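The values are calculated or read from the model by the stated rules, or taken from the named source; none is laboratory data. Remember, it's a predicted structure, so these values are computed and weren't measured experimentally. For neighbour counting, all protein chains shown are included, and Cβ atoms are generated from backbone atoms with ideal geometry for every residue, glycine included.
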Amino acid sequence: MRKAASLLGTFCRQFKGSLNRNFLVEKNEISLTLVPATIQTHGHHSQRRMSTKAKLADRLKGTEKNIWVDFSKLAVENKALNLGQGFPDYPPPQHVVDELMKAVTGNNPLIHQYTRSYGNPHLVNTLAKLYCPFLGRQVDPMNEITISVGAYGVLFCAVQGLINPGDEVIIIEPFFDCYEPMVMVAGGKPVFVPLRPAEKGGVLSSADWKLNPEELSSKFSSRTKAIIVNNPNNPLGKVFNRDELEMIAGLCKKHDVICISDEVYEWMVYDGNKHIKIATLPDMWERTITVGSAGKAFSVTGWKLGWGIGPPHLIKCLQVLHQNCIYTCPTPIQEAVASGLDYEITQLDHPEKCYLYTLAKELLPKRDFLAKTLSDFGMIPTIPEGGYFMMADISKLNLHIPDDDTDDPCDFKFVRWMTKEKKFTAIPTSAFYSKNHKSLGEKFVRFCFIKDDKTLKKAGELLQDWKASLA
Ligand code: IK2
């Protein structure tokens, strides 16, 4: 991908220029308007001078960029077919929506008021019941579970509640991007270790991406406070097998390290793979926080409700943070998720009726369709064992992508160009790598396949037309 001036570069420069001329960006999901940097109050402009103290807090420096903010905006601005951010573009299960309707239209006036800080009693009781067989133990709903604003909120509470300045936190690459800024904001030091793909060419499985045990072991020291494991992994779709989890668990125990296990895609596993909770391995319950998400489990990402499950001595640390910065999550959403899960619990022995299981069945043909579509175009997909994302190698595409005059890695330039010129959006995978390892990710792009079949078909047609135009 050669350097050359581009329209895209010009656009970016102009846009930055207008921001520098003291304009504020008023953003919503639909449109973007530039308004003068005066305070707008009911149509009246009152001129106020910015305080010189209005500066980002020092501890947030280096965390200003956010891939979801930037690329969701880009997709909307360009009206692009969006296989970027991970959410479905079709309705969630009806019974869960019905539960929310019931909650807000029922006779209980308190449903509209604050509920218990660490989680509505109905929800934590239901979660304790749901996870008991999967964790192989009784779970104390009041002391071993905490609810927060999505898995994001739980991860934030875990990291802020446990990490001291100078503590090291091991993060496995590619990683869900928020882990790094969360650790930095806590004053901790992220220490990265990459999964490395097998050198065999052609289509890979996410199982072909492995940790090197010596490399992983070399990252642990007396300074290591925690490791964040994402299983199934976003963006790769890797489902860690028992041997891999035992290796990680062994190191956690040897070095007395806490494991934050982000399992938001726990229900979405394919091809007979089994999701194993690291908390169920010997002596791991005591040192593991398992993170889950109602948004992911029920395909309602806008509901933003998540949970952390673990022993009281760890959960207490999350609760202290949560009670002082969020206090409590929306009561009707908690009630609806609880009732929705109550129903799922009754169906666990009927996998064909249980949404937690049928979701993976629904996603499998979408995964396979997308893999074929991308392969036909000339990308080389890594077939995910879990989750709903697919990484594809773009390095063999013989395309000339104009440079956009940024210092960003190639995948950023490629996705920006594709969004603008082809009206098709994905997520650049180097966003899931640390600064020094961006080169490991920049030849891949991530596509989301929890999309309506019509959307996926449109993506196929778009790529076919694009390919035809290259011939
Ligand atoms: N953990 C992981 C691994 C996630 O993927 C997510 C949500 N990611 O969705 C954005 C994307 O990758 O396209 C979360 C945590 C956060 O989950 P929640 O929505 O419950 O806060």
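Determine whether the range 371-387 contains at least one residue that is within 16 Å of the ligand (Cβ to nearest atom), small (Gly, Ala, Ser), out of contact with any helix residue (DSSP H, G or I) (no Cβ under 8 Å at 6 or more places or on another chain) and outside any helix (DSSP H, G or I).
Checked against the condition, which is being within 16 Å of the ligand (Cβ to nearest atom), small (Gly, Ala, Ser), out of contact with any helix residue (DSSP H, G or I) (no Cβ under 8 Å at 6 or more places or on another chain) and outside any helix (DSSP H, G or I), the range 371-387 yields at least one hit.
Any residue at all in the range 100-114 that is under 30 Å from Val185 (Cα atoms) and either buried (at least 20 other Cβ atoms within 10 Å of the Cβ) or away from the ligand (no atom under 16 Å from the Cβ) (or both)?
Checked the range 100-114: at least one residue is under 30 Å from Val185 (Cα atoms) and either buried (at least 20 other Cβ atoms within 10 Å of the Cβ) or away from the ligand (no atom under 16 Å from the Cβ) (or both).
Do we have any residue at all in the range 118-139 that's more than 16 Å from the ligand (Cβ to nearest atom), in contact with a Pro (Cβ under 7 Å, 6 or more places away or on another chain), at pLDDT 95 or above and under 26 Å from Leu363 (Cα atoms)?
no
Residues are listed down the side, and each one gets a yes or a no for (1) in a helix (DSSP H, G or I); (2) more than 16 Å from the ligand (Cβ to nearest atom):
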{"residue": "Ser430", "(1), (2)": "yes, no"}
{"residue": "His437", "(1), (2)": "yes, yes"}
{"residue": "Leu440", "(1), (2)": "yes, yes"}
{"residue": "Val445", "(1), (2)": "no, no"}
{"residue": "Thr455", "(1), (2)": "yes, no"}
{"residue": "Lys458", "(1), (2)": "yes, yes"}
{"residue": "Leu463", "(1), (2)": "yes, yes"}
{"residue": "Ser469", "(1), (2)": "yes, yes"}
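Inside the range 53-95, can you point out the residues that are within 16 Å of the ligand (Cβ to nearest atom) and either farther than 21 Å from Val264 by Cβ or charged (D, E, K, R) (or both)?
Across the range 53-95, the qualifying residues are Lys65, Asp70, Lys73, Leu74, Ala75, Val76, Ala80, Leu81, Asp89.
With the requirement that a residue be more than 9 Å from the ligand (Cβ to nearest atom), part of a loop (DSSP other than H, G, I, E, B) and under 13 Å from the mean Cα position of the chain (by Cα), what does the range 154-182 give you?
First, pick out the residues of the range 154-182 that are more than 9 Å from the ligand (Cβ to nearest atom): 156-174, 180-182.
Cutting the leftovers down to part of a loop (DSSP other than H, G, I, E, B) gives us 163-167, 174.
Listed by number, the list holds a single entry, Pro174.
For Val264, state whether it is within 16 Å of the ligand (Cβ to nearest atom), hydrophobic (A, V, I, L, M, F, W, C), in a loop (DSSP other than H, G, I, E, B) and closer than 19 Å to Val124 by Cα.
Here the answer is yes, as Val264 does meet what is asked.
Among the listed residues Thr288, Thr358, Thr331, Thr280, identify the single one that is within 16 Å of the ligand (Cβ to nearest atom) and of a type in the set (S, T, N, Q). Walk me through how you get there before you give the answer.
Numbers: Thr358 fails: within 16 Å of the ligand (Cβ to nearest atom); Thr331 fails: within 16 Å of the ligand (Cβ to nearest atom); Thr280 fails: within 16 Å of the ligand (Cβ to nearest atom).
Going through Thr288, Thr358, Thr331, Thr280 in turn, just one is within 16 Å of the ligand (Cβ to nearest atom) and of a type in the set (S, T, N, Q): Thr288.
If you scan the range 291-321, which residues turn out to be within 11 Å of the ligand (Cβ to nearest atom) and in a helix (DSSP H, G or I)?
Ala294, Gly295, Lys296, Ala297, Thr301, Gly302, Trp303
For every residue, the table says whether it meets (1) out of contact with any helix residue (DSSP H, G or I) (no Cβ under 9 Å at 6 or more places or on another chain); (2) within 15 Å of the ligand (Cβ to nearest atom); (3) free of Cβ contacts under 8 Å to residues at least 24 places away in the same chain.
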residue: Lys210; (1), (2), (3): no, no, no
residue: Arg223; (1), (2), (3): yes, no, no
residue: Ala226; (1), (2), (3): no, no, no
residue: Asn231; (1), (2), (3): no, yes, no
residue: Gly237; (1), (2), (3): no, yes, no
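When the range 102-139 is examined, which residues are found to be closer than 30 Å to Met284 by Cβ, part of a loop (DSSP other than H, G, I, E, B) and among the β-branched types (Val, Ile, Thr)?
Val139
Name the one entry in Thr301, Thr288, Thr280 that is farther than 26 Å from Thr358 by Cα and of a type in the set (S, T, N, Q). Step through it out loud before you land on a result.
Details: Thr301 fails: farther than 26 Å from Thr358 by Cα; Thr280 fails: farther than 26 Å from Thr358 by Cα.
Sole residue among the options that is farther than 26 Å from Thr358 by Cα and of a type in the set (S, T, N, Q): Thr288.
Give all pairs with beta carbons closer than 7 Å in which a residue from the range 259-273 that is farther than 13 Å from Ala158 by Cβ meets a residue that is more than 10 Å from the ligand (Cβ to nearest atom) and acidic (Asp, Glu); count only pairs at least 6 apart in sequence or on separate chains.
Val269/Glu385; Tyr270/Glu385; Asp271/Glu385; Asn273/Glu385
Do any residues in the range 291-304 that are outside the structural domain of Asn234 (by TED's automatic domain parsing) have Cβ atoms under 7 Å from those of residues that are within 8 Å of the ligand (Cβ to nearest atom), where the two are at least six apart or on different chains, and which pairs are they?
Listed pairs, sorted by first residue: none to list.
Give the residue that is nearest to Gly308 (Cα to Cα), with candidates limited to residues of the range 200-234 that are hydrophobic (A, V, I, L, M, F, W, C) and at pLDDT below 95.
So the residue we want is Leu204.
Do you know which residues across the range 323-342 are surrounded by fewer than 17 Cβ atoms within 10 Å (Cβ to Cβ) and hydroxyl-bearing (Ser, Thr, Tyr)?
Within the range 323-342, Tyr327 is the sole residue that qualifies.
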